[in-house]
Each structure stands twice: as C-alpha cells, then as structure tokens.
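The values are calculated or read from the model by the stated rules, or taken from the named source; none is laboratory data. Only a predicted model underlies this, so the values are computations on that prediction, with no experimental measurement involved. Here the Cβ positions follow ideal geometry from the backbone for every residue, glycine too, while neighbour counts run over all protein chains shown. Areas reflect the complete protein model, heavy atoms only, side chains present, ligands, DNA and RNA absent. Shrake-Rupley method; radii C 1.70, N 1.55, O 1.52, S 1.80 Å.
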Amino acid sequence: MKIKTEKSTKKKTSLLCGFVLENSNKVIGLPKFDIKITSSINQSLKDMDGKLGRLSIIPIPGKNPVQRILLAGIGKKDNLTKDTIRFVSGKIAQKARELKLKEFSIITPPNFIIEPISAISQIIEGTKMALYKFDKFKSEKIDTIPELTVIVSKSNKISKAIKTAEIVADGAIFTKSIANLPPNECTPTTLANFAKIISKKNKMKCNIISEPELKKQGFGGISAVGQGSKNEPKLIVLEHNHGQKNDKPIVLVGKAVTFDTGGISLKPGSGMDEMKFDKCGGCTVLGIMKSVSELNLPINVIGIIPSVENMPGGESYRPGDIIKLFSGKTAEILNTDAEGRLILADALSYGEKQYAPKAIIDFATLTGACIVALGTNVAAIVSNDERLTKKINDASKRTTEEVWELPLNQDYMDMIKSDVADMKNVGIGRAAGTITAAAFLKNAIENTPWIHIDIAGVAWTQGATKEKSYNPKGATGFGVRLILDYLQNL
Ligand code: BES
Ligand code: MG
Ligand code: ZN
C-alpha cells in the first residue's frame, strides 16, 4: 500500500475522510464547502451522530476536486482509546476497497483530540493491516489496494512516524501471512527459509540448526517432539546486532509447531485444522525481527524459533518416555500433546547460555487453558521479574494488545514434580494449566529476567474474538506491535 502525505484538504481525491465525535455535529478538520454540500453534510451528521464505527458517505456533485466525503464516527471523546483511530481507519480503508477506489484521503485529527504521532501511527497501522487479505490460494484475486493520502498539519516528526508505522504494520502483516499458511505449505524448513530471506534482506545473522546437530548438542525436547514427523525439526536463530558490542541483548523466543496433532496423545478431530496456528509464536518473532532490522533499532536483539511438526507415527515420542532437555534437566512425558513447553524449554536455555541476555521474552500458543481463563482477546503473561512485567504492561497499554498477569509461586512449581524424572510435562489434572506450563518453562531459565506470553486465545480469530477491522479472519500478528513498542522504549 502506497502512502503519501499532504497538507491541504483541498486536493483532488475520490474520498476525503474526516472523523466525527459523538454529539459534536462537526467533522474534524473538514474544509468549507458550498451551501448545498454543507447542508448534505449536516444532514448526514445528524443521521450518524458520530457513533463509534459508523461510516457515512456523501457524494459531491459537479467539478469539485473532492468526489466524496466520508464521515467516520469515533464515539464520545471520553471513551477514545489508543485503538479507536486504528480500527476506524481500518474500516475506512475497507470501505475504500469495497468502492474499488484507487486512492482515498484521511484527515489527521488535531492535538486536542489525540496526540499527532499516535494518530498517524494508528491511521497507518489500521489501514495497512485492514487491507491485508490471505488470498494466496485463491485463483481469483480481484481486489486492488487503494493508495492512502494522510492529511497532516506541519510537523517535522511526521515523516519518521509514518515510516515507523509502516514498518511496524509490515511486520505484523508478515507475521499474519506466514502464520496463515496451511501446514502442507509451511514446515519447519519453510520457516527456516523465511528467516534466511529476511536476514539477507536486512543484514541479520541467521543460523539454522538441524538434525543430527540438534541431538548432538543436547536439544532433547526439540528432537523428541520432532522425531515423529518426516518434516525435520529446525532451530532458527536470527541476530540483530546494532547495539554496543558489550550491550546485553534481548532474546525473543517463539513456539513454532507447524502442525500440532497432539502426537500419540492424539487430539480430537473436530477443529484440529486450527492447529496450523500453533506456529504463531515463532511467526511473531520472525515479524518482530524483520521490523527491528528495518527500523535499524540501536540495540541487540536475538530471535530464537524452535520449529517442529507434532505427528503420531512409528517414530514418535511417547507418553512414558523420559527425555533430557538442553538445560540438562530430565522430563517425564505424560502427554505428547504438551509439546510446546518441551521445545521452548530447549530454546530458552539455549538463549540464556549462549547470549547472557538482559531479558528473555517468549511467545507461544501454549495452552487451551489460557482460553478458558482469559478468553480470546487477552494474552496471559507469567514472569519471574516485576520490572520486565511492568514494561510489558506499559507497552500493552500503549498498543492495546492486551495482557493479564497470572501468578507463579512455588506451589505451582510443585505441581509439575515427577516421581521418576526432574519434572513432568503436565500438571495435576486441568488445574491452572497455563501456569503449570509456565512453571515448566521457568525451570529452563537460571536467573535471567523472563516473561512468557501465552497467545493461545489471541493469535488468530476464533469463537469469541472481538471484531476488529485491522484483524480480519485468520492470524492476528498479536505481539508484533506490543514488542516493537517495548523495544523502541527501552
Ligand atoms: N497447541 C496446544 C495449545 C492450544 C490449544 C492452543 C487450543 C490454542 C488452542 C498445545 O500444544 C496443547 O495441546 N496443550 C495442551 C496441554 C495439555 C495436554 C497439558 C492443552 O492445552 O490441552
Ligand atoms: Mg499440543
Ligand atoms: Zn501445541
């Protein structure tokens, strides 16, 4: 999607969009039109009343450079959130596409409505993300993407804000586009190839560890889960080293199970197709790394993605097996469907040992229990560090990618004690499933600040997902905007 800026509201455009606050009877920033047009605008204003998400189009007759005006309701001023302009802008973009327009213009609201940099970011993220469509496998592709003109009042920081927002949105779109791929088209090797492509484009270091090297180096979790599939497991490592040489890096880890059948502890058939989204954590890390390198952030960031396919078969790992993880600790397998924690534990220990990081953040569609606890619009966080948790909470408030903390004390650690090994890969029954999974991960880390983000409910649109224009059906790219905000504010 092409984006231009413009200072005048009087340029030629097929759709000029302005925001309207509820009960205000005014289109924010709209220039003056003649009496006839003004009276149609007023009539439309009365009808739509600025109600949140409502759109109203007024065709302009004659030779006016503006062909149509679009009024976009943003609700009451007191109810404005850091998401309102984003999702209303997304609706505007989808309307422009529906009308098959080649271009449209949005008037940026002024300072007294919303801080201008935030407004610009939201307009760009909202429109770009809303226009993304997963149509790779559709024979007929009819949509063209309209070009956006953002109308801004002069400010010298604007062009940087636009570029940043474009890169952030592109990161989220990249994450969605690979997360949406079907499991026959996206194996661990495919993901490794995507990592190679973005590392080459943006000058990151990229290292792929495969079998038999994984086994030789002690990645017992990744090897065990991966051994049942003919699509071999991979450990993908990306390095963005643009900080000081001795600056400790931030390590990002993402679960990438390209398909989770449950293995020998097979999942029920109904809805199993959704387990193509079990790679979303890894895809999030890939999207973040792509944007981090394009933004050229002056920090060191490492992305680590353990990737496997969890399949049942003659060579699969089994319930009852005892395996040795990269940390040296042993794990008794009681359910092969609790595979995510095994591959993540290896990656977390590797990240800590290899990079001595400042902080480790992991993303995973780890537990169905997370959906039971928090639903499909909020991710669970579990951490061993209050300061890191606060920073992620702050970034969450700024980006509106919502998180909620769950506790992790010794009692939960005790719930994964095994009779025969150092720990077991499930808790006690279904009690606190999200936390006992996190407890398993905590054992992989010695003393680095760490936060785990369970994105099982939010990584793709499912049953109770709140409709958002910028998250059409499928993968949402959750975490990309959140962590890019955190990294930019370090
Ligand atoms: N990938 C699933 C978790 C999941 C389930 C995410 C549904 C999103 C929607 C994970 O590998 C899994 O199967 N977890 C089990 C763990 C259990 C066996 C302890 C679960 O949540 O049922
Ligand atoms: Mg599973
Ligand atoms: Zn899984």
* So in region 3-151, what percent of DSSP beta bridges are antiparallel if you round to the nearest 5? -> 25
* Under a plain spin-label model, where a point goes 7 Å from the Cα along Cα-to-Cβ, how far apart in nm are Lys102 and Asn25? -> 3.9
* **region 287-368 - charge dipole about Cα centre, Lys and Arg +1 at Cβ, Asp and Glu -1, debye rounded to 20** => 300
* What are the chymotrypsin sites (Phe, Trp or Tyr not before Pro) within region 129-223 that DSSP puts in a loop, where the Cβ has at most 12 other Cβ atoms within 10 Å? -> Phe137
* Packing-based order for 427-439, 18-30, using average beta carbon neighbours within 10 Å, highest first -> 427-439, 18-30
* Using a probe of 1.4 angstrom, how much of the accessible area of region 368-414 is carbon and sulfur, in percent? -> 51
* To do: May I ask for the distance between the Cα centers of region 324-360 and region 1-58, given as a whole number of Å?
  => 54
* To do: Using 0.36 nm per residue of separation minus the Cα-Cα distance, give me the extension gain between Glu405 and Asp47 in nm, one decimal.
  => 124.6 nm
* Per residue solvent-accessible surface (Å²) - the chain, probe of 1.4 Å -> 44
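For the chain, state the average projected area of the convex hull of the C-alpha atoms over all orientations, rounded to one decimal in nm².
23.9
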* **Formal net charge of residues neighbouring Asp247 (Cβ-Cβ distance under 15 Å; K, R +1; D, E -1)** => +2
* Going 7 Å from the Cα of Lys7 toward and past its Cβ, which residues in region 145-175 have a backbone nitrogen under 18 Å from where you end up? -> 149-162
* Asked: Can you list residues whose amide H is under 5 Å from Ile69's amide H, if they're 5+ apart or on another chain and H is modeled 1.01 Å from N?
  -> Leu16, Ile58, Ile60
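So how strong a dipole does the chain carry about its Cα centre when Lys and Arg Cβ are +1 and Asp and Glu Cβ are -1, to the nearest 20 debye?
That gives a dipole near 2560 debye.
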* Asked: With contacts defined as alpha carbon pairs under 8 Å and 6 or more residues apart, what's the relative contact order of the chain in percent?
  -> 15
* **³J(HN,Hα), Karplus 6.51/-1.76/1.60, whole Hz, each residue of region 7-17, x for Gly, Pro** => 9, 8, 8, 10, 6, 5, 7, 7, 8, 9, 10
* Structure fact -> In region 168-488 the DSSP beta bridges are antiparallel at a rate, in percent to nearest 5, of 50
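Which entries of Lys200/Lys442; Lys95/Lys473; Lys46/Lys160 have Cα-Cα distances beyond 28 Å here? If you can, show how the numbers build up before the last one.
Numbers: Lys200/Lys442 33 Å; Lys95/Lys473 17 Å; Lys46/Lys160 37 Å.
Checking Cα-Cα distances, Lys200/Lys442; Lys46/Lys160 exceed 28 Å.
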* Structure fact -> Taking alpha-carbon centroids only, region 387-458 lies from region 240-298 a number of Å equal to 17
